[in-house]
Structures are given as C-alpha cells and as structure tokens.
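Trainee: For reference, the structure I am asking about is given below.
None of the figures in this text is laboratory data; all of them are computed from the coordinates on show. Since we're looking at a predicted model, the values are computed, not measured. Heads up, the Cβs are rebuilt from the backbone with ideal geometry, glycines too, and the neighbour counts pull from every protein chain shown.
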Amino acid sequence: MKINSTLFNIPIINSVIEYDCTDSTNIKAKEFSKRGSVHGTLFLAHKQLNGKGRLNRTFDSKKDEGIYASLLLRPNVSPNQLPNITLLTAVAIVRALKTICHLTPLIKWPNDILLNGKKLAGILTEAGPDYVIVGIGLNTTTKSFSSDIEKTATSIFLETGKTIDSFDLLYNIMEEFNDLYEQFIIHSDFSFLLEEYNNNLANLNQEVHIIPHDISYSTSNPYSIKVDNLDTFLCRGIDENGALLCEGPDKKITIINSGEVSLRGKNSYS
Ligand code: BTN
C-alpha cells in the first residue's frame, strides 16, 4: 500500500506514523500515547510480527497482504461508552467495503467483519486512562491462510479475485470513521447508529450459541449471564448501549456485554 498525505484531508487525522515492519501497531500506539502523542495519530504497518486480536488471539499480518492500522484517540466520553467505538468502527469498515469494493459484508458482534460467512477483518479496541486505540486489521490480498484459520478467514482477493487499491479503502474507512465518531461525540451514545448496525448484523434473528470465556456470573450484576450449557438463543440485535440482546428458549431476553462471550452461528463460524 502506498500511503500519501491526502489522509490529512480527513479532520480526525493529525499525524501518521508508518512502519515497514513492526511488532503491532496497537503496541506502538500505546507506547506513543504514553509519550504524549496527540489525538488522531494513525499508525500504519506493512507487516506486523505480533499482530494482536481480541481475547489474546493473534492476527496474521503478512507483508502487504492487508491493512494494519491503529488510530490513537483521546476521547472525552464516559467509560461505559468506549465499547461503542468498536461498533462504530465496524460500521465504518462495512460502509467503506460497500463503497470501494462493492461488497456486502456483515458484522459479527462485536468486532469482526465477515464476507460470505468468513472473517475478513477484525477490530481490536484497547483503552487506557487517557487514550483509546482502535486497531483495524483487514485482509486484502492474502491468498492462503495458516491451517488453523483457513476455514474461517478470507480476504478481498479470495472472495473477488480482484486486487483493490488498499489505500483507497483505508482512506474511505478513515473518512467514514471520522463522520461516525463526530456524531458519536455529539450524541454521547450509540442510538444514532443502532438501526444501521443491526441491519448489517450477521445472525440477526438467527440461532446463536453463546460461548463464555469468563464465567463471572453474579446475581447482582444485571449484565452478567450464567451459561453453563450451550443453550441456543435467537440473536435480536444490539441495544443503545451496544450490548447484544439474546432471546432464550423461554423468550426472556439476556443482555450480553462484549467482554464476556464469543458468538457462534448454530452451524458455522458466523
Ligand atoms: C481480532 O481479530 O480480534 C482483532 C484483530 C485486530 C488486528 C489489528 S491489525 C492492526 C492492529 N494492530 C494489532 O496488533 N492488532 C490490530
């Protein structure tokens, strides 16, 4: 990807730091945030040696086979709104893939973008006391994946046979992010984007399994859930706080926060 200075036409972009190869742009953004880097610093890499995913997973980041980008933000929003930054980033990526690549991806709550049921992109949002880092990994030209993810991962090339201009796509993602982030700051919550998010949600009104990774159930916490079997739920979309609404066999709605679980479509990854 050839990066150029037109990125500075996007109001939120204040600085761009580009690496040929680095450990992880999220790690770099975190280091720089502690040294005072400004809101709107964008970290880009052609290759990552330690690309990070959610839940301590890795994100394959081979040279120039994807977009590997992290945006450092210094938002003034309440901590409970921070997960919504992941959700609005997902909408920005979906919009850009529609505009630039004429694709119709879906969002796998909370942080994956799917194409034809496989993972095309992931978002890793990490927050500290005075910063939020939004990391975006999107497979563009990958032709083959390692055996552990080959059944579940995909790239734009694998789905379309085409090699797109990655910079155009990155630019459009950042433009969309800029617009959505401005609105998010004005509204201070996610309600303005709820309908669009749910319209692009994989598994909406379909059966899903909820896979807990931290079974921290407590009767006093209204957001905690007790899932000790693989109950089947119907996915009813997200609410204005960005939590997922899952309807159980008894028709009761269970509210699930993104930290707690992974979702699986009944018969597949999606
Ligand atoms: C996930 O799949 O759970 C999220 C993947 C996020 C990957 C991106 S690539 C750029 C940024 N740097 C990282 O180390 N991770 C994110």
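Trainee: At q = 0.16 Å⁻¹, work out log10 I(q)/I(0) for the chain with the Debye formula, treating every Cα as an identical point scatterer and leaving solvent out; two decimals please.
Mentor: Summing over Cα pairs of the chain leads to -1.29.
Trainee: Then there is this: Given the C-alpha centroids of segment 1-74 and segment 121-170, what is the distance between them in whole angstrom?
Mentor: Spelled out, the Cα-based centre of one part sits 13 Å from the other.
Trainee: Out of residues 5 or more away from Ala45 or on other chains, whose amide H comes under 5 Å of its own, with H placed 1.01 Å from N in the peptide plane?
Mentor: Here Tyr19, Tyr68 satisfy the definition.
Trainee: With r defined as the distance between the Cβ atoms of Asp231 and Thr152 and R0 fixed at 22 Å, what FRET efficiency is calculated, to the nearest 0.05?
Mentor: Working: r = 23 Å, r/R0 = 1.03.
It comes to 0.45.
Trainee: While we're on this one: Taking 0.36 nm per residue of sequence separation and subtracting the Cα-Cα distance, how much length would be gained by fully extending the chain between Thr160 and Lys47, in nm to one decimal?
Mentor: Details: separation 113, 0.36 × 113 = 40.68 nm, distance 2.28 nm.
So the chain would gain 38.4 nm between Thr160 and Lys47.
Trainee: Subtract the Cα-Cα distance of Thr58 and Asn14 from 0.36 nm times their separation in residues, and report this length gain in nm to one decimal. Before the final figure, lay out each step's value.
Mentor: Numbers: separation 44, 0.36 × 44 = 15.84 nm, distance 2.83 nm.
Roughly 13.0 nm would be gained on extension.
Trainee: Which of the trypsin sites (Lys or Arg not before Pro) found in segment 104-197 are loop residues per DSSP with 16 or fewer other Cβ atoms within 10 Å of their Cβ?
Mentor: On the way: sites: Lys108, Lys118, Lys119, Lys143, Lys151, Lys162; in loops: Lys143, Lys151, Lys162.
Those that pass, being in a loop and sparsely packed, are Lys143, Lys151, Lys162.
Trainee: Check which residues have an amide H placed less than 5 Å from Thr58's amide H, if you skip close sequence neighbours.
Mentor: Residues meeting the criterion, in which the H sits 1.01 Å from N, are Gly53.
Trainee: Could you tell me which of Val132, Leu72, Thr142 has its Cα farthest along the dipole of segment 5-199 towards the positive end, charges placed at Cβ (Lys, Arg +1; Asp, Glu -1), taken about the Cα centre?
Mentor: So the residue furthest toward the plus end is Thr142.
Trainee: Long-range amide H contacts for Ile113: which residues qualify at under 5 Å (H placed 1.01 Å from N, peptide plane, sequence gap of 5 or more or a different chain)?
Mentor: Correct list: Lys108, Leu120, Ala121, Gly122.
Trainee: Only helical DSSP H runs with n ≥ 4 go in: add -39500 (n - 2.57) per run for the chain, normalise by residue count and round the 222 nm mean residue ellipticity to 500 deg cm²/dmol. Let's see the in-between values first.
Mentor: Numbers: 5 runs with 62 residues, N = 270.
For the chain, the value works out to -7000 deg cm²/dmol.
Trainee: Hey, which of these cross-link pairs are over 19 Å Cα-Cα: Lys118/Lys151; Lys119/Lys162; Lys63/Lys108; Lys28/Lys62; Lys63/Lys143; Lys2/Lys62?
Mentor: On the way: Lys118/Lys151 8 Å; Lys119/Lys162 17 Å; Lys63/Lys108 26 Å; Lys28/Lys62 17 Å; Lys63/Lys143 12 Å; Lys2/Lys62 16 Å.
Lys63/Lys108, as the Cα separations exceed 19 Å there.
Trainee: Along the charge dipole of the chain, Cβ charges K/R +1 and D/E -1, which of Ile253, Gly161, Leu103 sits furthest on the positive end?
Mentor: Of Ile253, Gly161, Leu103, it is Gly161.
Trainee: Same structure again: Taking the 0 to 90 degree range and rounding to the nearest ten, how far is the long axis of helix 83-101 tilted relative to the main principal axis of the chain, both from C-alpha atoms?
Mentor: Tilt of helix 83-101: around 60 degrees.
Trainee: Follow-up. For a quick check: sort Phe233, Phe157 by the number of other beta carbons within 10 angstrom, fewest at the front. Write out the running numbers ahead of the final one.
Mentor: Numbers: Phe233 25, Phe157 16.
If I rank by nearby Cβ atoms, fewest first, I get Phe157, Phe233.
Trainee: Let me ask something else. Once the Cα atoms of helix 25-34 and of the chain are each reduced to a long axis, what angle between those two axes, in degrees from 0 to 90 to the nearest 10, is obtained?
Mentor: 80 degrees
Trainee: Could you tell me how many degrees, from 0 to 90 and to the nearest 10, lie between the Cα long axis of helix 166-187 and the main elongation axis, the longest principal axis, of the Cα atoms of the chain?
Mentor: With rounding to tens, the tilt is 60 degrees.
Trainee: Could I have the simple spin-label model distance between Arg74 and Val38, label points 7 Å from Cα toward Cβ, reported in nm to one decimal?
Mentor: Computed distance between label sites Arg74 and Val38 equals 0.9 nm.
Trainee: Across segment 58-72, in residue order, what do the Karplus-derived ³J(HN,Hα) couplings come to in whole Hz, using 6.51 cos²θ - 1.76 cosθ + 1.60 with θ = phi - 60° and x for Gly and Pro?
Mentor: Per-residue couplings from phi come out as 9, 10, 4, 9, 6, 4, 6, 9, x, 9, 10, 9, 9, 10, 8 Hz.
Trainee: Provide the per-residue ³J(HN,Hα) series for segment 12-23, in order, calculated from phi with Karplus coefficients 6.51, -1.76, 1.60 and θ = phi - 60°, each as a whole number of Hz, with x at glycine and proline positions.
Mentor: Rounded to whole hertz, the list is 6, 7, 10, 7, 10, 10, 10, 10, 5, 8, 8, 5.
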